[in-house]
Amino acid sequence: MILRKLRAEGGFCLGGCILFAAVVLLIVGAVVWGAYSTYQGAYLMTSPRPREFGPIPSAAEQNAARLKWRALGDALQKGNESEFKFTADDLNAWFFADGNNADLIPHLRFRTTDDWIVAEVSVPLSFMADIPTLPSLRNRFFNGKIAARLTIEKSELKITSLDLEGNGHRLPWLFTGQGYRDTVTQTLDQGIRARLPHGDLFLSRLDSIRVENAQIIVRFRGGNGT
C-alpha cells in the first residue's frame, strides 16, 4: 500500500522499487506505524526539508562496476570457488548504471562504516495520514541511515544486527525482535533474486560475507549451488 501511494503521490521509486528501496520503505513504515505511543520520538526523527546527496558515480565508474558484476556472474556460472570484493561506490555505480533507479537518485546512497553496510536515505512522508491533535508528518522527510550487519548461517543470508537513525535520533526498540529482522531479510532476499544477475545462483553459493577496510567481501563455494 505504501509503495502504491508513493508512486501515485510523489513519484518516489517510480518504475524501480527494488532491493534496498523496498527495505527503506518497509523500515520507515514500521517506524511511523509502530511508534504511535512515542509519536514525539518519531517526529523528532523527521526533518522539514529533504537531504541533499552528491552526484551519482560517473559513466566510467558505472562501466567499471558493470565489468565487476559481469566477472562475478561468469565465475558463478563456471562453478568456481571465488571471492568477490566491491565498495559502496561500486554498489552505487551498479545501482544507478544506465539510468536504472533514476527516481531514487534524490533519495538513496550506499556506504560502509566499520562492519556495517549502510543505506543513507531521504524519504518524503507525504503518504502518511495525519493523526488528530498531533503534528503532521505529511510535509516532512525521513533523513537518516539504515545500517545492517550481514552473515551467512546454514547457507542462508541473515541480518544479525539492524539499526536505524533519523535526524540524529534513534528508536532502537523497534529492531530487537528476530521476527522483524527476518522480515527485512526476506525483503532483501527477494530483491537480490529479482534484481541481481544470477541472483538465485548468487544466494545458493554464498559462503561468507563481511565488511573490512571499506570493502564488502563475499566468498562463494564451488559447485553448481545444489
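The residues of region 52-92 that are at pLDDT below 90, open to solvent by less than 60 Å² (accessible area, probe 1.4 Å) and in contact with an Asp or Glu (Cβ under 7 Å, 6 or more places away or on another chain) amount to a single one, Ala65. Listed conditions (1) closer than 20 Å to Leu44 by Cα; (2) part of a helix (DSSP H, G or I); (3) of a type in the set (Gly, Ala, Ser) are all met by Ser136, apart from (2).
At least 1 residues that are over 25 Å from Glu212 (Cα atoms) in each: list the helices (runs of 4 or more DSSP H) lying fully within region 35-109 that qualify. Even if it seems obvious, please write down each step before you answer.
Working: elements: 39-44, 59-78, 88-95.
Fully inside region 35-109 and qualifying: 39-44, 59-78.
Scanning region 107-159 for residues that are more than 28 Å from Ala93 (Cα to Cα) and among the β-branched types (Val, Ile, Thr) yields Ile131, Thr133.
In this entry, Arg111 is excluded by the filter for residues that are in contact (Cβ under 8 Å) with a residue 60 or more places away in the chain and either open to solvent by 70 Å² or more (accessible area, probe 1.4 Å) or among the small types (Gly, Ala, Ser) (or both).
Checked against (1) surrounded by fewer than 17 Cβ atoms within 10 Å (Cβ to Cβ); (2) free of Cβ contacts under 8 Å to residues at least 40 places away in the same chain; (3) of a type in the set (A, V, I, L, M), Leu134 passes all but condition (2).
Of the residues examined, Ala119 is not one that is aliphatic (A, V, I, L, M), buried (at least 21 other Cβ atoms within 10 Å of the Cβ) and in a helix (DSSP H, G or I). Under the condition of being within 24 Å of Trp116 (Cα to Cα) and among the hydroxyl-bearing types (Ser, Thr, Tyr), the residues counted in region 48-98 number 2.
On the given criteria, is Ala147 part of a strand (DSSP E or B), modelled with pLDDT under 90 and within 16 Å of the chain's Cα centre (by Cα)? Considered against the rule, which asks whether it is part of a strand (DSSP E or B), modelled with pLDDT under 90 and within 16 Å of the chain's Cα centre (by Cα), Ala147 comes out as yes.
The values are calculated or read from the model by the stated rules, or taken from the named source; none is laboratory data. Small disclaimer: the values here were computed from a predicted structure and weren't measured. Virtual Cβ from ideal backbone geometry, glycine too; neighbours counted across all protein chains shown. To get the accessible areas, we keep the full protein, side chains included, count just its heavy atoms, and leave off ligands, DNA and RNA. Shrake-Rupley method; radii C 1.70, N 1.55, O 1.52, S 1.80 Å.
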